[in-house]
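**Q** Here it is, the structure, as structure tokens.
The values are calculated or read from the model by the stated rules, or taken from the named source; none is laboratory data. Source: prediction; values computed, not measured. Reconstructed Cβ throughout: ideal geometry from the backbone, glycine too, with neighbour counts over all protein chains shown. Heavy atoms of the whole protein, side chains included, go into the accessibility calculation; ligands, DNA and RNA do not. Shrake-Rupley method; radii C 1.70, N 1.55, O 1.52, S 1.80 Å.
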Amino acid sequence: MALDERLLKPYDPKATEDRIYRQWEASGAFAPRPDAPNGVFSMVLPLPNVTGTLHLGHAAMITIEDILARYARMRGKKTLWLPGTDHAAIATQSKVEEIIYKQEGRTRHDLGREEFLRRVEQFAAASRNIIVKQIRKLGASVDWSREAFTLDEPRSRAVRTAFKRLYDAGLIYRGRRLVNWDPKLQTTVSDDEIEWQTETTPLYYLKYGPFVITTARPETKFGDKYVVVHPTDERYTQFQSGQKLTVEWINGPVTATVVKDEIIDREFGTGAMTITPAHDLADSEIAARHGLDSEQVIDLVGKLLPIAGEFSGQHWKKARPKIMAKLETKGLVEKIEANYEHQIAVNSRGGGIIEPQLLEQWFVAVNKPFDDQGTTLKELMRRPVATDEIKIIPERFTKIYFHWIDNLRDWCISRQIWYGHRIPVWRHEPKCVPIVGREKEIEKCQEIVVGEPLEKCPHCNAKFTPDPDTLDTWFSSGLWTFSTLGWPASPAGGPDQTEDLKTFHPTTVLETGYDILFFWVARMILMSGFLLGQIPFHIVYLHGLVRDAGGRKMSKSKGNTIDPVTMVDKYGADALRLALIIGTSPGNDSKISEDRIRGYKHFANKLWNIGRFILAAVGNETPARPAAIPAADQKLIEQLDDLTREVTVDLEAYRFSLAAEKLYHYVWHTLADKIIEAAKPRLLTDETEQVKWLLYTLFERSLRLLHPFAPFITEELWSLRPRATSSERLITTPWPAT
RNA sequence: GGGCGGUUAGCUCAGUUGGUAGAGCGUUCGCUUGACGUGCGAAAGGUCAUAGGUUCAAGCCCUAUACCGCCCACCA
């Protein structure tokens, strides 16, 4: 009997995996099977950013999703797992800016918009190529024929259409509001993109007429003309609300007005503060409540405006000590508390310290009713989760989701960066007409066009100028579950339903990290709900973050990332996958070490040797079912029946770790250690045929059960069965019956 | 300030509806067993953070405490 020569050697993932992947791809197994008998399974790959390459966290995510996809496929479902990448606007732009500055000492303004964008696109393309290779290496059974990019033409059309529909419904508006301004990247960012860092700074107690006020930012205080105290604070009962008094301030006397507001914490400092509504959200809300004026003090690059008098034109950082010196000379400094701890806002996308600014931007209104029932976008996001139409795993994130929605303010979607979708709005040249309050003129003359570009105004022939800003990257990724399925079928209204959309939307499950629950998951529910009247997915499965051995988040800047491809090269993709899945649980972070991956390489080796033994014992013919099966053998079959049921239930319940662990344990410690050992002597007796059948049956079943977890080695062993043909691939073999 | 998660073997972590504790790595002893030394056989090692409670039965449920971590929040 001639054993396949591959079985003579130890298992070599390097010589096997790429070949198997090519076979899968060429066979069309990754595409949805048109005649699949048991319904539909669809899922999108959480589009990796083209800011770099994949790390082990991505690998864990891909593993979980591939398990889902392969299991669904084997269950006979029409299975679509759709891949793609995200242009990640601000993250990619700031990354490329950084590289160019480091290598050439030039800024994006030195290069100009066109050349800079060319560079970014180059970078994005290179990054995308690496990512695609990495995804393949991991064995991901994604349908490459449907690969998408958030910035390609079909997705751009979806963005323009979505913008127009939201605009026409009055849900996108232009407004002047206090926004998060990043002076370093020169753009606004949304509330969610802000990271709070603890900073230790002096706290200044300054004399403000009869009051002593506290501040951490004396350089913003030039325009302060309101002093706020708590209404019931007995220290200030002699001052009436609205009372005016003249106080000596930094650049001379100012008229101060007393305001009483319950937001004031009487215990803090002296219980009195002055407000800077133009550069502080809390202050601006106080100002809004009492109808107070607001004056800008700091400009968009961080320099003081003429209101600062002699300090005008200086950067606030440099001006602060000089201002303090002047206050000192004027005798206005009561005391300075040295180590005051407070939170400062930082742009988490590689940007600078946020300076709130009052700017005109585009917003999505989340609290504005848009239909007869008075539905708001907020409710649209809340309802499907509240009614369990969308189920979040693990469940505790449901509460976190609601809490976020309840605190949500209008979403600032315009960015002043260059890379990304242009805001699909065009205005008359040379005059850019402000929109708010001038809707009538717009109707008459089309001073503004939204959605698809228009060269000239059909009414007065004036040329149109595009809005200079770009969109928040999450605007386009929010459309992902349906923009990838051909939405919109036609930009000018028309039927929205493409065949793909009808078949695959809503998608079955969204598997992603809990860190983008708000950024992405919520936005998808919003977009899908408003534009399609559908939920985007039925289940949200949230995985934890993969951290390094020290528990730190992996990131390039910390230098603690592990390249998944390096691990695949060393231990094989199957081993890496098992290491990433076993011992993890949804929503909880995990730490990964190379030792763990090596351990599962040993398992792959074990499985390979089980295959060598059983296939060699079985020979060239598939063993026939014996007429009589000994009771002991029957028990072993039933034992595997039980395991099959358990593993199936675990997979249906998204308990991947448990399912994999049970299979691991069975294959090693039952099939190999007990069953094979017991079979060895029997093979030499007249029970040979019965034993061959038993071993082969258990082995064949084990391969099927293990395939979603360790696809490469199981597929390879499958192809080594007696009389195996190249068209009978394990990937498309039915899951064992339960 | 509010909410959430964690605390299980030397290390890193699992533990599905409550029923005599598991994995990887590490440690000790013995094995050229013809699938595998990337292995086999055996072993050591856990009062499952602490204190109460519910239960025939608790790592798992309830209450409180301690420490670690995360998220959210308009204390200047």
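**Q** Within the stretch A:603-639, can you find the residues that are of a type in the set (D, E, K, R) and not in a loop (DSSP other than H, G, I, E, B)? Outline the logic, then answer.
**A** Step one: filter the stretch A:603-639 for residues of a type in the set (D, E, K, R), giving A:606, A:612, A:621, A:625, A:633, A:635, A:638.
Passing the criteria: A:Lys606, A:Arg612, A:Asp633, A:Lys635, A:Glu638.
**Q** While we're looking at this one, here's another question. Can A:Val159 be described as hydrophobic (A, V, I, L, M, F, W, C), out of contact with any strand residue (DSSP E or B) (no Cβ under 8 Å at 6 or more places or on another chain), open to solvent by less than 40 Å² (accessible area, probe 1.4 Å) and part of a helix (DSSP H, G or I)? Quick ask: steps written out before the conclusion?
**A** On the way: hydrophobic (A, V, I, L, M, F, W, C): yes; out of contact with any strand residue (DSSP E or B) (no Cβ under 8 Å at 6 or more places or on another chain): no; open to solvent by less than 40 Å² (accessible area, probe 1.4 Å): yes; part of a helix (DSSP H, G or I): yes.
So A:Val159 does not fit the description; no.
**Q** For the stretch A:585-597, name all the residues that are within 6 Å of RNA strand B (Cβ to nearest atom) and either surrounded by 18 or more Cβ atoms within 10 Å (Cβ to Cβ) or outside any loop (DSSP other than H, G, I, E, B) (or both).
**A** Matches in the stretch A:585-597: A:Ser590, A:Lys591, A:Asp595, A:Arg596.
**Q** Among the numbered criteria (1) at pLDDT below 90; (2) closer than 30 Å to A:Thr92 by Cβ; (3) within 16 Å of RNA strand B (Cβ to nearest atom), which one does A:Glu341 miss?
**A** A:Glu341 satisfies every listed condition except (2).
For every residue, the table says whether it meets (1) within 16 Å of RNA strand B (Cβ to nearest atom); (2) modelled with pLDDT of 95 or more; (3) under 15 Å from A:Lys662 (Cα atoms).
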{"site": "A:Lys601", "(1), (2), (3)": "yes, no, no"}
{"site": "A:Asn620", "(1), (2), (3)": "no, no, no"}
{"site": "A:Ala627", "(1), (2), (3)": "no, no, no"}
{"site": "A:Ala631", "(1), (2), (3)": "no, no, no"}
{"site": "A:Gln634", "(1), (2), (3)": "no, no, no"}
{"site": "A:Gln639", "(1), (2), (3)": "yes, no, yes"}
{"site": "A:Glu646", "(1), (2), (3)": "yes, no, yes"}
{"site": "A:Val649", "(1), (2), (3)": "yes, no, yes"}
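**Q** Here's a follow-up. Is it the case, given these coordinates, that A:Gly331 is in contact (Cβ under 8 Å) with a residue 24 or more places away in the chain and more than 21 Å from A:Pro468 (Cβ to Cβ)? Walk me through it before giving the result.
**A** On the way: in contact (Cβ under 8 Å) with a residue 24 or more places away in the chain: yes; more than 21 Å from A:Pro468 (Cβ to Cβ): yes.
Yes.
**Q** Right, next: What is the residue count in the stretch A:345-397 for residues that are within 21 Å of A:Val521 (Cβ to Cβ) and among the aliphatic types (A, V, I, L, M)? Write out each step before concluding.
**A** If we filter the stretch A:345-397 for residues that are within 21 Å of A:Val521 (Cβ to Cβ), which is where we start, we get A:348-349, A:363-367, A:375-397.
Filter once more, so that each one left must be among the aliphatic types (A, V, I, L, M): A:364-366, A:377, A:380-381, A:385-386, A:390, A:392-393.
The number of residues fulfilling the criteria is 11.
**Q** Kindly indicate the residue of the stretch A:1-42 that is β-branched (Val, Ile, Thr) and more than 29 Å from the chain's Cα centre (by Cα) and also surrounded by the fewest Cβ atoms within 10 Å (Cβ to Cβ) among those meeting that condition. Quick ask: steps written out before the conclusion?
**A** Residues of the stretch A:1-42 β-branched (Val, Ile, Thr): A:16, A:20, A:40.
Right, trim to more than 29 Å from the chain's Cα centre (by Cα) and you get A:16, A:20.
Numbers: A:Thr16: 20, A:Ile20: 23.
My answer is A:Thr16.
**Q** Quick one: which of A:Thr255, A:Thr270 is open to solvent by 20 Å² or more (accessible area, probe 1.4 Å), in contact (Cβ under 8 Å) with a residue 24 or more places away in the chain and touching a Lys or Arg at 6+ places or on another chain (Cβ under 6 Å)? Give the derivation first.
**A** Details: A:Thr270 fails: touching a Lys or Arg at 6+ places or on another chain (Cβ under 6 Å).
Going through A:Thr255, A:Thr270 in turn, just one is open to solvent by 20 Å² or more (accessible area, probe 1.4 Å), in contact (Cβ under 8 Å) with a residue 24 or more places away in the chain and touching a Lys or Arg at 6+ places or on another chain (Cβ under 6 Å): A:Thr255.
**Q** Checking A:Glu193 against (1) more than 10 Å from RNA strand B (Cβ to nearest atom); (2) of a type in the set (Asp, Glu); (3) over 22 Å from A:Ala287 (Cβ atoms): exactly one of these is not met. Which one?
**A** That leaves (1) as the condition not met.
**Q** When you look at A:Thr725, is it away from RNA strand B (no atom under 15 Å from the Cβ), open to solvent by 20 Å² or more (accessible area, probe 1.4 Å), on the phi < 0 side of the Ramachandran plot and in a helix (DSSP H, G or I), yes or no?
**A** Working: away from RNA strand B (no atom under 15 Å from the Cβ): yes; open to solvent by 20 Å² or more (accessible area, probe 1.4 Å): yes; on the phi < 0 side of the Ramachandran plot: yes; in a helix (DSSP H, G or I): no.
Judged against the criteria, A:Thr725 is not a match.
**Q** Give the residues of the stretch A:651-667 that are assigned to a loop (DSSP other than H, G, I, E, B) and more than 9 Å from RNA strand B (Cβ to nearest atom), sorted by residue number. Talk me through it step by step, then tell me what you get.
**A** Initial filter on the stretch A:651-667 (assigned to a loop (DSSP other than H, G, I, E, B)): A:653-655.
Residue satisfying the conditions is A:Tyr654 alone.
**Q** Consider A:Arg128 against the criteria (1) under 22 Å from the mean Cα position of the chain (by Cα); (2) open to solvent by less than 40 Å² (accessible area, probe 1.4 Å); (3) among the basic types (Lys, Arg): it satisfies all of them except one. Which criterion is unmet?
**A** (2)
**Q** Which is in contact with a Leu (Cβ under 7 Å, 6 or more places away or on another chain), more than 12 Å from A:Thr220 (Cα to Cα) and more than 15 Å from RNA strand B (Cβ to nearest atom), of A:Gly309, A:Gly313? Don't jump to the end; show me each part of the working.
**A** On the way: A:Gly309 fails: in contact with a Leu (Cβ under 7 Å, 6 or more places away or on another chain).
Of the residues listed, the single one that is in contact with a Leu (Cβ under 7 Å, 6 or more places away or on another chain), more than 12 Å from A:Thr220 (Cα to Cα) and more than 15 Å from RNA strand B (Cβ to nearest atom) is A:Gly313.
Here is a yes/no grid of residues against (1) within 11 Å of RNA strand B (Cβ to nearest atom); (2) open to solvent by 30 Å² or more (accessible area, probe 1.4 Å):
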| position | (1), (2) |
| --- | --- |
| A:Thr220 | yes, no |
| A:Phe239 | no, no |
| A:Lys244 | no, yes |
| A:Arg266 | yes, yes |
| A:Leu281 | yes, yes |
| A:Asp293 | no, yes |
| A:Ile298 | no, no |
| A:Gly302 | no, no |
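**Q** What tally of residues in the stretch A:674-683 results from selecting those that are more than 8 Å from RNA strand B (Cβ to nearest atom), in contact with a helix residue (DSSP H, G or I) (Cβ under 7 Å, 6 or more places away or on another chain) and of a type in the set (A, V, I, L, M, F, W, C)? Lay out the reasoning, then the answer.
**A** Applying the first criterion (more than 8 Å from RNA strand B (Cβ to nearest atom)) to the stretch A:674-683 yields A:675, A:678-679, A:681-683.
Restricting the remaining residues to those that are in contact with a helix residue (DSSP H, G or I) (Cβ under 7 Å, 6 or more places away or on another chain) gives A:675, A:679, A:682-683.
Checking which are of a type in the set (A, V, I, L, M, F, W, C) leaves us with A:675, A:679, A:683.
Result for the stretch A:674-683: 3.
**Q** I'm trying to understand the selection: among the residues of the stretch A:288-324, which are charged (D, E, K, R) and in contact with a strand residue (DSSP E or B) (Cβ under 7 Å, 6 or more places away or on another chain)? Give the steps one after another, and end with the answer.
**A** First pass over the stretch A:288-324, keeping only residues charged (D, E, K, R): A:289, A:293, A:295, A:299, A:303, A:310, A:317-318, A:320, A:322.
Answer for the stretch A:288-324, where residues must be charged (D, E, K, R) and in contact with a strand residue (DSSP E or B) (Cβ under 7 Å, 6 or more places away or on another chain): just A:Lys303.
**Q** Could we say that A:Leu671 is away from RNA strand B (no atom under 12 Å from the Cβ), farther than 26 Å from A:Lys570 by Cβ, open to solvent by less than 20 Å² (accessible area, probe 1.4 Å) and outside any loop (DSSP other than H, G, I, E, B) here?
**A** No: the conditions fail for A:Leu671.
**Q** Out of all the residues in the stretch A:71-120, which are assigned to a helix (DSSP H, G or I), within 30 Å of A:Leu651 (Cβ to Cβ) and out of contact with any strand residue (DSSP E or B) (no Cβ under 7 Å at 6 or more places or on another chain)?
**A** Initial filter on the stretch A:71-120 (assigned to a helix (DSSP H, G or I)): A:71-74, A:89-104, A:108-111, A:113-120.
With the extra rule that they be within 30 Å of A:Leu651 (Cβ to Cβ), the set shrinks to A:71-74.
Listed by number, the residues that qualify are A:Tyr71, A:Met74.
**Q** Then there is this: Would you check which residues across the stretch A:203-218 are within 12 Å of RNA strand B (Cβ to nearest atom) and touching an Asp or Glu at 6+ places or on another chain (Cβ under 6 Å) and list them? Explain how you work it out, then say what you get.
**A** Taking the stretch A:203-218 and keeping what is within 12 Å of RNA strand B (Cβ to nearest atom), we get A:203-206, A:208, A:211-218.
Listed by number, the residues that qualify are A:Leu203, A:Tyr205, A:Val212.
**Q** Could you run through the stretch A:503-526 and say how many residues are of a type outside the set (Ser, Thr, Tyr) and either open to solvent by 20 Å² or more (accessible area, probe 1.4 Å) or touching a Ser or Thr at 6+ places or on another chain (Cβ under 9 Å) (or both)?
**A** Pass one, the stretch A:503-526, residues of a type outside the set (Ser, Thr, Tyr): A:504-506, A:509-511, A:513, A:515-526.
Within this subset, residues satisfying the condition of being either open to solvent by 20 Å² or more (accessible area, probe 1.4 Å) or touching a Ser or Thr at 6+ places or on another chain (Cβ under 9 Å) (or both) are A:504-506, A:509-510, A:515-516, A:518-521, A:523-524.
Matching residues across the stretch A:503-526 total 13.
**Q** When the residues of the stretch A:45-59 are filtered to those that are part of a helix (DSSP H, G or I) and open to solvent by 10 Å² or more (accessible area, probe 1.4 Å), which remaining residue is nearest to A:Phe504 (Cα to Cα)?
**A** Step one: of the stretch A:45-59, the residues part of a helix (DSSP H, G or I) are A:56-59.
Adding the requirement that they be open to solvent by 10 Å² or more (accessible area, probe 1.4 Å) leaves A:57-58.
Numbers: A:Gly57: 27, A:His58: 24 Å.
Among those residues, the one meeting the criterion is A:His58.
**Q** Sticking with this one: Quick one: which residue in A:Ala617, A:Ala659, A:Ala631, A:Ala653 is open to solvent by 10 Å² or more (accessible area, probe 1.4 Å) and under 41 Å from the mean Cα position of the chain (by Cα)? Step through it out loud before you land on a result.
**A** Numbers: A:Ala617 fails: under 41 Å from the mean Cα position of the chain (by Cα); A:Ala659 fails: open to solvent by 10 Å² or more (accessible area, probe 1.4 Å); A:Ala631 fails: under 41 Å from the mean Cα position of the chain (by Cα).
Testing whether each residue is open to solvent by 10 Å² or more (accessible area, probe 1.4 Å) and under 41 Å from the mean Cα position of the chain (by Cα) leaves just A:Ala653.
**Q** Right, A:Gly611: surrounded by fewer than 18 Cβ atoms within 10 Å (Cβ to Cβ) and either more than 7 Å from RNA strand B (Cβ to nearest atom) or within 36 Å of the chain's Cα centre (by Cα) (or both) or not? Quick ask: steps written out before the conclusion?
**A** On the way: surrounded by fewer than 18 Cβ atoms within 10 Å (Cβ to Cβ): no; either more than 7 Å from RNA strand B (Cβ to nearest atom) or within 36 Å of the chain's Cα centre (by Cα) (or both): yes.
Answer is no for this residue.
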